[in-house]
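The values are calculated or read from the model by the stated rules, or taken from the named source; none is laboratory data. Since we're looking at a predicted model, the values are computed, not measured. Cβ sites come from the backbone with ideal geometry, for glycine too, and all protein chains shown count toward neighbours.
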Amino acid sequence: MARGRRGMPGVALAALAAGVLCAPMAVAQTNVEGDGDVLAAQAAIRPTVTEPVAEPGLAALTEGTAVDPLALEPIVSAGWSDDALGDVSDRALTIRDVESGEALYDIRANKSLTPASTTKLLTAAAVVTQFDPLETLKTSVVLVPQEGAGGDSESATATASPSATIALVAGGDMLLSAGNGNANNVVGHAGITDLARQTAAALEMQGIAGPITISLDTSYASGASTVPAWTDYWVTNGFAGRITMLGFADDRALPFDPSPRDPAMVVAEAFVQTLSDEGVDVVSGDIERAEAPGDAGQIAMVESAPLAEVLGVGLRTSDNAMLEQLARQATVRAGESGEQESVNAWVTSQIKDVYGVDTTGVQLSDTSGLSDGTTIPVRVLGDLLVHGASGQHPAFQDALDELPIAGLNGTLFDRFLTDAATEGKGVIRAKTGSLPEVTALAGYIVTDDGRLLAFALTDNDVGIGGDFLNARAQIDSILADVADCGC
């Protein structure tokens with residue numbers, strides 16, 4: 001049974017914080033990510049921006065009143081001493097002024113701690129060094145030349161026999177619709193029905209009546225379907241999906257609702273069925289996995305939403321498999337191996353070489369933050385966030401504009417809602433991180449005086465159950481006080 005998945009609109013925080021964090025940009029409406037009618041209602045009332053502006057978003061607050069570190073210190077320290085946060089030696093915090101890069105508050109900023117999903121900030125920064133933000137991920141169908149048909153795609157198309165072989169070729173899109181695509185959505189932007197109809201029309205135009213043999217080509221950025229360091233528990237219980245270069249959006253993993261073992265084959269089987277429904281004579285039986293020859297001619301193709309928006313879905317929903325597969329695509333595109341160790345090393349190298357961030361203390365076991373052994377000092381996250389708002393890396397700046405908004409969407413939709421933390425609602429945009437005994441948050445704060453701050457907080461000594469929720473609530477309260485300080 002298809003499971004409803006809802007994507008959140010990428011909305012500039014300017015619309016939520018007195019018109020000041022992000023300059024408006026033209027964005028495609030996505031499906032709603034989250035639960036219930038409340039989120040859908042929130043999405044419905046947000047403004048639809050149609051006219052892009054030239055000035056980048058995160059730089060828009062640099063003229064706000066600068067924060068005095070001496071005034072900030074007692075505000076943060078009061079909440080930081082709370083017992084709900086566990087052992088003080090196992091947590092760290094940095095708060096930076098974005099314009100100057102000045103550290104306004106640092107405590108154990110250089111200590112290597114488990115960052116959980118704030119790791120995805122490093123991954124996003126690396127991915128956009130290889131992809132143009134407007135680039136799309138393509139799923140295509142090619143006509144495999146028959147023996148003796150000639151050497152190039154044109155001759156292969158022209159001399160194809162009534163019976164033919166076509167290949168469904170993966171191109172990195174794991175947000176396909178199982179039906180028709182919707183050009184206004186990110187999730188389900190392209191649809192398998194559209195691809196099948198294009199294919200049927202192309203075959204008819206070329207006089208190919210069938211029977212048609214269909215194969216599946218998953219050679220693009222190929223690799224293991226899981227990270228070696230992931231435990232079976234994470235995958236079988238849906239906390240991480242299969243890493244696939246072709247998949248349906250409805251097959252993405254959710255907690256206790258795992259993805260299929262072979263998402264690409266699920267798509268291929270649906271493609272065959274839909275093609276048959278369109279009247280194409282399809283050879284029945286198992287679908288062979290095979291790399292299409294280089295001279296196969298493309299006869300149909302659908303495209304994902306722009307990469308920046310796809311990445312935004314991954315960040316807002318903290319989709320482990322999606323960030324891993326985007327990292328693998330980028331690594332392979334850079335000429336490196338798609339093996340996990342290579343992907344981890346490449347991401348780290350991009351942070352150091354492209355963004356100029358000192359990566360001392362960074363150890364990646366994966367690029368999603370789920371595996372044991374990953375460590376990142378909050379200093380690295382703080383440095384990267386300041387670089388991201390500097391205007392020197394526009395593609396990364398666009399990605400950061402897609403981070404969840406406190407109290408409104410993504411993995412922050414249910415945060416900053418208590419009386420002690422409401423001042424942070426709508427003015428904090430950040431990446432969350434959660435693992436057993438770990439909670440983390442890293443992103444941006446708009447202060448009451450209109451100043452843009454970057455922050456990163458990691459706590460490796462939180463209890464479970466109610467203790468975890470208390471610690472998270474205390475963190476929200478601390479950051480809300482920073483937003484409200486007027487200091």
Query raised in the report: T367: among the hydroxyl-bearing types (S, T, Y), at pLDDT 95 or above, within 18 Å of the chain's Cα centre (by Cα) and within 30 Å of A109 (Cβ to Cβ), yes or no?
Result: yes
Report summary line: Of the residues in region 463-487, those that are in a helix (DSSP H, G or I) and either among the basic types (K, R) or without any contact (Cβ under 8 Å) to a residue 40 or more places away in the chain (or both) come to G466, F468, L469, R472
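D459 - would you say it is touching a Leu at 6+ places or on another chain (Cβ under 7 Å) and farther than 27 Å from E309 by Cα? Before you say what the answer is, go through the steps one by one.
Details: touching a Leu at 6+ places or on another chain (Cβ under 7 Å): yes; farther than 27 Å from E309 by Cα: yes.
In short, yes.
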Query raised in the report: Which one of these does I95 not meet: (1) surrounded by fewer than 18 Cβ atoms within 10 Å (Cβ to Cβ); (2) over 28 Å from A345 (Cβ atoms)?
Result: (1)
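Looking only at region 103-161, count how many residues are closer than 30 Å to T458 by Cα and either at pLDDT 95 or above or surrounded by 24 or more Cβ atoms within 10 Å (Cβ to Cβ) (or both). Spell out how you get there, then give the answer.
Step one: list which residues in region 103-161 are closer than 30 Å to T458 by Cα, which gives 103-131, 133.
Checking the rest, the ones that are also either at pLDDT 95 or above or surrounded by 24 or more Cβ atoms within 10 Å (Cβ to Cβ) (or both) come to 103-131.
Residues flagged as closer than 30 Å to T458 by Cα and either at pLDDT 95 or above or surrounded by 24 or more Cβ atoms within 10 Å (Cβ to Cβ) (or both) within region 103-161 amount to 29.
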Query raised in the report: If only one of V343, V357 is within 20 Å of S222 (Cα to Cα) and among the β-branched types (V, I, T), which one is it?
Result: V343
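Within region 460-471, is even one residue surrounded by 24 or more Cβ atoms within 10 Å (Cβ to Cβ) and on the phi < 0 side of the Ramachandran plot? Show your work before the answer.
From region 460-471, those surrounded by 24 or more Cβ atoms within 10 Å (Cβ to Cβ) are 462; that's our starting set.
Among the residues that remain, those that are also on the phi < 0 side of the Ramachandran plot are: 462.
Taking every residue of region 460-471 in turn, at least one turns out to be surrounded by 24 or more Cβ atoms within 10 Å (Cβ to Cβ) and on the phi < 0 side of the Ramachandran plot.
Here's the yes/no breakdown for (1) crowded, with 17+ Cβ neighbours inside 10 Å; (2) among the aliphatic types (A, V, I, L, M); (3) free of Cβ contacts under 8 Å to residues at least 24 places away in the same chain:
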| position | (1), (2), (3) |
| --- | --- |
| R242 | yes, no, no |
| L254 | no, yes, no |
| P258 | yes, no, yes |
| Q273 | no, no, yes |
| E288 | no, no, no |
| E291 | no, no, no |
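If I go through region 241-272 residue by residue, how many of them are part of a loop (DSSP other than H, G, I, E, B) and more than 17 Å from K138 (Cβ to Cβ)? Write out each step before concluding.
Restricting attention to region 241-272, the residues satisfying the condition of being part of a loop (DSSP other than H, G, I, E, B) are 241-245, 252-253, 255-256, 258-262.
Next cut, more than 17 Å from K138 (Cβ to Cβ) only: 241-243, 252-253, 255-256, 258-262.
Selection size over region 241-272: 12.
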Report summary line: Checked against (1) surrounded by fewer than 20 Cβ atoms within 10 Å (Cβ to Cβ); (2) on the phi > 0 side of the Ramachandran plot; (3) not hydroxyl-bearing (S, T, Y), G369 satisfies every condition except (1)
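In this structure, does T136 turn out to be hydroxyl-bearing (S, T, Y) and either in contact with an Asp or Glu (Cβ under 7 Å, 6 or more places away or on another chain) or assigned to a loop (DSSP other than H, G, I, E, B) (or both)? Spell out the reasoning first.
Working: hydroxyl-bearing (S, T, Y): yes; either in contact with an Asp or Glu (Cβ under 7 Å, 6 or more places away or on another chain) or assigned to a loop (DSSP other than H, G, I, E, B) (or both): yes.
Here the answer is yes, as T136 does meet what is asked.
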**Report entry** Top-ranked residue in region 425-462 [being polar (S, T, N, Q) and outside any strand (DSSP E or B); ranked as modelled with the highest pLDDT]
**Finding:** N460
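Looking at N470, N409 in this structure, which one is touching a Pro at 6+ places or on another chain (Cβ under 8 Å) and more than 23 Å from A109 (Cβ to Cβ)?
Numbers: N470 fails: touching a Pro at 6+ places or on another chain (Cβ under 8 Å).
Unique residue meeting the criteria: N409.
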Query raised in the report: Looking only at residues in region 176-189 that are in a loop (DSSP other than H, G, I, E, B) and in contact with a Phe, Trp or Tyr (Cβ under 9 Å, 6 or more places away or on another chain), which one is surrounded by the most Cβ atoms within 10 Å (Cβ to Cβ)?
Result: G188
Query raised in the report: Can we say G101 is under 27 Å from D484 (Cα atoms) and either assigned to a loop (DSSP other than H, G, I, E, B) or without any contact (Cβ under 8 Å) to a residue 12 or more places away in the chain (or both)?
Result: yes
Query raised in the report: Using beta carbons and a limit of 6 Å, which pairs, at least six apart or on different chains, have the first residue in region 366-386 and farther than 13 Å from V347 by Cα and the second one basic (K, R) and not in a loop (DSSP other than H, G, I, E, B)?
Result: G382/R96; V386/R96
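Here's the yes/no breakdown for (1) among the small types (G, A, S); (2) at pLDDT 95 or above; (3) more than 17 Å from the chain's Cα centre (by Cα); (4) assigned to a strand (DSSP E or B):
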| position | (1), (2), (3), (4) |
| --- | --- |
| L385 | no, yes, no, no |
| D398 | no, no, no, no |
| G407 | yes, yes, yes, no |
| E423 | no, yes, yes, no |
Report summary line: Among residues of region 190-239 being assigned to a loop (DSSP other than H, G, I, E, B), under 21 Å from the mean Cα position of the chain (by Cα) and of a type in the set (G, A, S), the residue nearest to T136 (Cα to Cα) is A190
